[in-house]
Amino acid sequence: MALFAVFQTTFLLASLSLRTYQSEVLSEPLPFTPESLNVSINSACQCLHLQWTVHNLAYHQELEMVFQIQISRFNTSNVIWVGNYSTTVKRKQVLHWSWESELPLECATHFVRVRSVVDDARIPEPGFWSNWSSWEEANAQKLLGHDPLFIFPKDKLVEEGSSVTICYVSRIHEDNISCYLEGVQIYGEQLDRNVSAFELKNVPFIRKQGTNFFCEVDQGDLRGVVLFVSKVLEEPKDFSCETQDLKTLTCTWDPRSDTGLSEQPSQSYTLFESFSGKKTLCKHSNRCDWQVAQDSQEMYNFTLVAENYLRKRSVNILFNLTHRVHPMTPYNLFPKNVGATNATITWKVRTIGNNSTLWCQLELLGEGKVIQQHNVSIKVNGEYLLSELKPDTEYVARVHCAYAKRFWKWSELISQTFTTTEAAPSVGPDIWRTVRMVSGHPTVTLFWKPLSKEHANGKILFYNVIAENLDKPSESVVLSIPASANSTELTLHQCSYQIYVTANNSVGSSPASRIVISGDPGNEVEEGRVNSTEDGFSVSWTPQSGDATGYVVEWWCDGPQDLPCVLQWKNLGPNTTSTVISSGAFRPGVRYNFRIYGISTKGTAHLLEEKAGYLEEWAPSDNPQVVMSNLTSHSFVLSWKDYSTESQPGFIQGYHVYLKPKAGEQCHPGFEKTVLPDNSVCCKYTIDNPEQKTFVVENLQPESAYEFFVTPYTSAGHGPLDAFTKVTTPDEYSHMLIRVLLPMTFCVLIVLIICYLKSPWLKEKCYPDIPDPYKSSVLSLIKSKENPHLTIMKVNDCVPDAIEVINKQEGSKIQFLGTRKSLIEPEFPKPAYLYVLPTEKNYSGPGPCICFENFTYNQAASDFGSSGHFPGTPQAPPYQLGPLTSPENVLKALEQNYMDSLDEIPAREANLNYVSQLALPMSGDKNSLPANPPEPALCSEYKMQMAIPLGPTSPPPSENSSLSSTTLLDQGEHYH
Amino acid sequence: MSRREGSLEDPQADSSISPLPHLEAKIQQTHSLARLLTKYAEQLLQEYVQHQGDPFGLPGFSPPRLPVADLSPPAPGHAGLPVPERLRLDAAALAALPPLLDVVRRLQAELNPRALRLLRRLEDAARQARALGAAVEAVLAALGAETRAPRPEPAAAAAIAAATATAGVFPAKVLGLRVCGLYREWVSRTEADLGQLAPGGPA
């Protein structure tokens, strides 16, 4: 064999040397020149497919050769690619080689030639390149039709991110062609007279339907291609195989991106097992089932191959079958024999193989957390007793199992919920009390906190309260309080009591909680302050002297009414002297009061300290209602006694009194100048005593306007700046004026009162009553001293002796009824007297002498006579008014009266009106007295002029009784 | 076909309940169907361009309105023709459209296999075009006019399908756009032509 090899090598060397020599010397073609070169085009892959042969190889001769390939585009001189291809060449072998063009082959003519060289180790001498083969042309354009435009490649499939060259071959002028990628015009490179190319780099995936590229010819014809850009096929992720029953393997993976397109289906997955040499095409894109061989194959080497048109990806996994057992989910998980503190859990599993053991984990969850964990090895049935459970508590038991031989994965969990039964409450309720006196009896409000779920051991149904009178043991109180209540009120005697409280559920009652109420009234302590911290209130106290068994800190809020506030307390040990009271219910700006009690050995509580504090002090939310008083010209007093400092959102430290003085006035002593938020300047006085709730503003100017405003302040600031109240100081002398006016007013008032009281006397003195002639003293005097026949003059006895006639100016008219207009003319007519009887001057005979005591007479008659008209009303009967509505009637009436007097009509039966000469012609018209007043008659102070009868008793005058008076009165003349 | 889509499978069935004379009822029904299909054709076109990507959905994109299998858009002088002649042209076009719509549906089934609504619309459009064409022919027959509608040649459509498949996906998209556009134009044209005969329309 070795001899043969040496011989062959020798032969080759000899042969090569000979051929080289021949080619150099004889200029003949070198041996092994590629021959029969054929070039074809594969448009689908844009490939040039080359095939050639190498002649002159000896029979069974094999040589390692290198072929150099040259490719030109458009013309042979435009070499665009040169490359070598190495292979082993046999005699008469047709060699194949392909070249993929980035430019679609339809757009350009390509030329290919090949040459070779022997590159065989058996030939130590360096080889010589053979001659080039002749150029072979690959021209796809010949196959194109006569369309004006062709675009290539057609519907090419590429991967996202790759580069693609699109070209077109036009039969028309290039300028008339516009090309667009997804509607956006792009510009290419002109490769030839009628060929242009567009290099698209890093092409993106746009849609499964492909990316549209088209060219428009003269905005008329349209040609285009679709570039199908696929997502890059990725390697499957999380490839894993497992079995649930040692019979079927299930392999799963994450397929990642789907590379499916219209032109390409989604990637396919193939599972290949190398030991068995079997493979299966997976039906799903993320899962594949594999039947375990019956020959107890334990090792498996799987290769998962993902494949699409463009790429393949594979992942591999090697494993032992028993190491990949993932048991099925247990089933029939039930609790049984559930008690207050224990329960038995049972479950089942499906067998794996023959007589295999499963390792199960039982977990107990309470309130979502794993509180117990137990491992159990089972074949088929599992059971476990859970203990140390809490009564009346809901638990979740869950189980999962793994293959005991080799742990791979837990099975899926199965869970079941159960609740333990109730038990009697384990501790008594935490109790506290408040004591207040109501009607002389101590009233205890007993509070307790609901038992925690941990201690209640079930639903609390009621609380039992037993109050034992320590002084009189026979007087005890037993109460049963519903569970919904957390307090009760007991009215006790002034004795010491021992109170027991128990909580009860359906199973039993809790241990009793005890508290002792002392019969002694509690002591009072001064209130201190407590500071707040980030955690709450830090309360500290002086420990009780003696043996305190503990302390209790109670607190409540003293805030707005809408703030829910209940008594809270905290029990502390005997050695504790401070604590931090923290609560989420604490709010800033709310006053909290703390009381620290010491608990004696007898169980009684004694108040040690009382403190108040704020979690955070706020500025006062409102200002006091300020009352101003004692206003003088120089001062006034402000008071706000109703302002409560307790219910404020902070400790009131004092008050600010703001005063706006009048313009130009400086701040008073004690005030300081300050600028308000509205930039106004005023004076501020600070009262640093919160209990001082009055303030005297002094040193004011009289008759000056001031404005004041009072606001409290805390450590957080002052109250809101409300409106100022205006006040004006009075005049400085106004008080003196008051000193004068008041006595004067008093005196006047006294005089008026005296006048009122003495009004009869004054009336008597100033305005005496009209005397009644019949009651006159004169009458008695006359009767007694003189003629007993003398009597009071009767009007009827009087004989008119004259008629007063008044001349009235022309045009004046008499108005009587229906009007109250004065009939008095501005110029009163001169009166004239017609003596109808002999007067004193012409009267010769004796006659009665008539006397009047004064000038007064019947007022009605006076008015009637003086005004010249009747004061009649429209309601007056006509017969009363009618006779006097004309002068004639008056005269008739006079005549009638005269005639009546002659007939001696009793005076008391007649109503008389007297018209006196001295009587004013009209009331109030003093200036119009008659120019010729009648002379007074002898023996009389007043002279009777006439008497005018009034009333219905006066008979109507007859027409014959008119006498001559009608002739004496002219028309238009008035009478009185 | 549901009545909502304007079924004319039994035009005589409604004549008994219609107060209109038979011819008017037929014209009225056919006109209503054409009006309904005009709306559907517009929806089909919108649905189609949505699945082809840009530039098909762009407003300015308008491929040349070249004939497809000798089916041209309505000529500019179409409105000037006598109504029976117009209806004959309408009927002929509507008869030529179903195979073309089927070709488009098959092409789209390859290109957009998951565009089920588009495929269903294309299928419905072919059936509806056929129904409308038959209804127009019935109107022509009722008018006493000769139909003379050339029967569509399935071979022509098949040839188109084959040629388009060879030409590539982009020409197939363009073909679908043209066919959908022709469908919309001819249905709309038919609606307008029937409107000339319908009661209330111009005589």
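The values are calculated or read from the model by the stated rules, or taken from the named source; none is laboratory data. Since this is a predicted model, take the numbers as computed values, not measurements. Neighbour counts are summed over all protein chains in view; Cβ atoms, including those assigned to glycine, are modelled from backbone coordinates with ideal geometry.
If the condition is being at positive phi and modelled with pLDDT of 85 or more, then the range A:216-233 contributes no residue at all.
Picking from residues in the range A:179-198 that are within 12 Å of chain B (Cβ to nearest Cβ) and part of a strand (DSSP E or B), the one that is farthest from the chain's Cα centre (by Cα) is A:C179. Got at least one residue in the range A:434-448 being at pLDDT 90 or above and either over 44 Å from the mean Cα position of the chain (by Cα) or basic (K, R) (or both)? No, every residue in the range A:434-448 fails to be at pLDDT 90 or above and either over 44 Å from the mean Cα position of the chain (by Cα) or basic (K, R) (or both).
Could we say that A:C288 is part of a strand (DSSP E or B), within 14 Å of chain B (Cβ to nearest Cβ) and on the phi < 0 side of the Ramachandran plot here? It is false that A:C288 is part of a strand (DSSP E or B), within 14 Å of chain B (Cβ to nearest Cβ) and on the phi < 0 side of the Ramachandran plot.
So, in the range B:110-129, of the ones that are free of Cβ contacts under 8 Å to residues at least 40 places away in the same chain and at the interface with another protein chain (Cβ under 10 Å from one of its Cβ atoms), which residue ends up nearest to A:E263 (Cα to Cα)?
Taking the range B:110-129 and keeping what is free of Cβ contacts under 8 Å to residues at least 40 places away in the same chain, we get B:110, B:113-114, B:116, B:119-120, B:123, B:126.
Now drop any that are not at the interface with another protein chain (Cβ under 10 Å from one of its Cβ atoms), which leaves B:110, B:113-114.
Numbers: B:E110: 8, B:P113: 11, B:R114: 13 Å.
Among those that are free of Cβ contacts under 8 Å to residues at least 40 places away in the same chain and at the interface with another protein chain (Cβ under 10 Å from one of its Cβ atoms), it is B:E110.
As a summary of the residue check, A:Y168 satisfies the conditions (1) of a type in the set (S, T, Y); (2) more than 30 Å from A:E307 (Cβ to Cβ); (3) away from chain B (no Cβ under 14 Å) except for the one numbered (3). Pick out the one residue from A:T674, A:T686 that is outside any loop (DSSP other than H, G, I, E, B) and touching a His at 6+ places or on another chain (Cβ under 7 Å). Among A:T674, A:T686, only A:T686 is outside any loop (DSSP other than H, G, I, E, B) and touching a His at 6+ places or on another chain (Cβ under 7 Å).
Residue pairs whose Cβ atoms lie under 6 Å apart, sitting 6 or more positions apart in sequence or on different chains, and linking a residue in the range A:626-646 that is hydroxyl-bearing (S, T, Y) to a partner that is part of a loop (DSSP other than H, G, I, E, B) and surrounded by fewer than 17 Cβ atoms within 10 Å (Cβ to Cβ), are A:S633/A:P702; A:S633/A:P730; A:S633/A:E732; A:S635/A:E698. Cβ-Cβ distances below 8 Å connect the following pairs, each with a first residue in the range B:54-65 that is more than 8 Å from every other protein chain (Cβ to nearest Cβ), a second residue that is surrounded by 12 or more Cβ atoms within 10 Å (Cβ to Cβ) and not in a loop (DSSP other than H, G, I, E, B), and a separation of six or more residues or different chains: B:G57/B:V49; B:G57/B:Q50; B:R65/B:R178; B:R65/B:G181. Across the range A:327-372, the number of residues qualifying as charged (D, E, K, R) and exposed (fewer than 14 other Cβ atoms within 10 Å of the Cβ) comes to 3. Inspect the range A:232-239 for any residue being touching a helix residue (DSSP H, G or I) at 6+ places or on another chain (Cβ under 9 Å) and part of a loop (DSSP other than H, G, I, E, B) and give the result as yes or no. No; the residues of the range A:232-239 include none that is touching a helix residue (DSSP H, G or I) at 6+ places or on another chain (Cβ under 9 Å) and part of a loop (DSSP other than H, G, I, E, B). Filtering A:E617, A:E610 for residues that are among the acidic types (D, E), surrounded by 14 or more Cβ atoms within 10 Å (Cβ to Cβ) and closer than 15 Å to A:S538 by Cα leaves a single hit, A:E610.
Suppose the filter is part of a loop (DSSP other than H, G, I, E, B), modelled with pLDDT of 90 or more, out of contact with any Cys (no Cβ under 9 Å at 6 or more places or on another chain) and farther than 16 Å from A:I71 by Cβ; does A:G161 pass it? Criteria met by A:G161.
Of all residues in the range B:156-185, those that are away from chain A (no Cβ under 14 Å) have Cβ atoms under 8 Å from Cβ atoms of residues that are among the β-branched types (V, I, T) and outside any helix (DSSP H, G or I), 6 or more apart or on another chain, in B:I160/B:V68; B:V179/B:V68; B:L182/B:V68.
Report whether or not A:K142 is within 60 Å of the chain's Cα centre (by Cα), exposed (fewer than 14 other Cβ atoms within 10 Å of the Cβ) and more than 14 Å from every other protein chain (Cβ to nearest Cβ).
Details: within 60 Å of the chain's Cα centre (by Cα): no; exposed (fewer than 14 other Cβ atoms within 10 Å of the Cβ): yes; more than 14 Å from every other protein chain (Cβ to nearest Cβ): yes.
No; evaluated as a whole, the condition is false for this residue.
Within the range A:162-191, track down each residue that is crowded, with 18+ Cβ neighbours inside 10 Å and of a type outside the set (S, T, N, Q).
Filtering the range A:162-191 down to residues crowded, with 18+ Cβ neighbours inside 10 Å leaves A:164-170, A:177, A:179-181, A:188.
Selection gives A:V164, A:I166, A:C167, A:Y168, A:V169, A:I177, A:C179, A:Y180, A:L181, A:G188.
In the range A:689-721, which residues are within 37 Å of the chain's Cα centre (by Cα), aliphatic (A, V, I, L, M) and either outside any strand (DSSP E or B) or more than 30 Å from A:P588 (Cα to Cα) (or both)? Steps first, please.
First pass over the range A:689-721, keeping only residues within 37 Å of the chain's Cα centre (by Cα): A:690, A:708-721.
Filter once more, so that each one left must be aliphatic (A, V, I, L, M): A:710, A:716, A:721.
Answer for the range A:689-721, where residues must be within 37 Å of the chain's Cα centre (by Cα), aliphatic (A, V, I, L, M) and either outside any strand (DSSP E or B) or more than 30 Å from A:P588 (Cα to Cα) (or both): A:A716, A:L721.
Filter the range A:722-750 down to the residues that are touching a strand residue (DSSP E or B) at 6+ places or on another chain (Cβ under 7 Å), within 30 Å of A:G589 (Cα to Cα) and not aromatic (F, W, Y), then identify the one that is surrounded by the fewest Cβ atoms within 10 Å (Cβ to Cβ). Ranking the qualifying residues of the range A:722-750, first place goes to A:D722. Considering only the range B:81-114, state which residues are hydrophobic (A, V, I, L, M, F, W, C), surrounded by fewer than 20 Cβ atoms within 10 Å (Cβ to Cβ) and under 25 Å from A:F228 (Cα atoms). Listed by number, the list holds a single entry, B:A109.
When A:E106 is tested against the conditions (1) within 14 Å of chain B (Cβ to nearest Cβ); (2) in a strand (DSSP E or B); (3) touching a helix residue (DSSP H, G or I) at 6+ places or on another chain (Cβ under 7 Å), the lone failure is (2). I'm trying to understand the selection: among the residues of the range A:205-254, which are touching a Leu at 6+ places or on another chain (Cβ under 6 Å), farther than 20 Å from B:Q52 by Cβ and either without any contact (Cβ under 8 Å) to a residue 12 or more places away in the chain or within 14 Å of chain B (Cβ to nearest Cβ) (or both)? Hit for the range A:205-254 is A:V217, nothing else.
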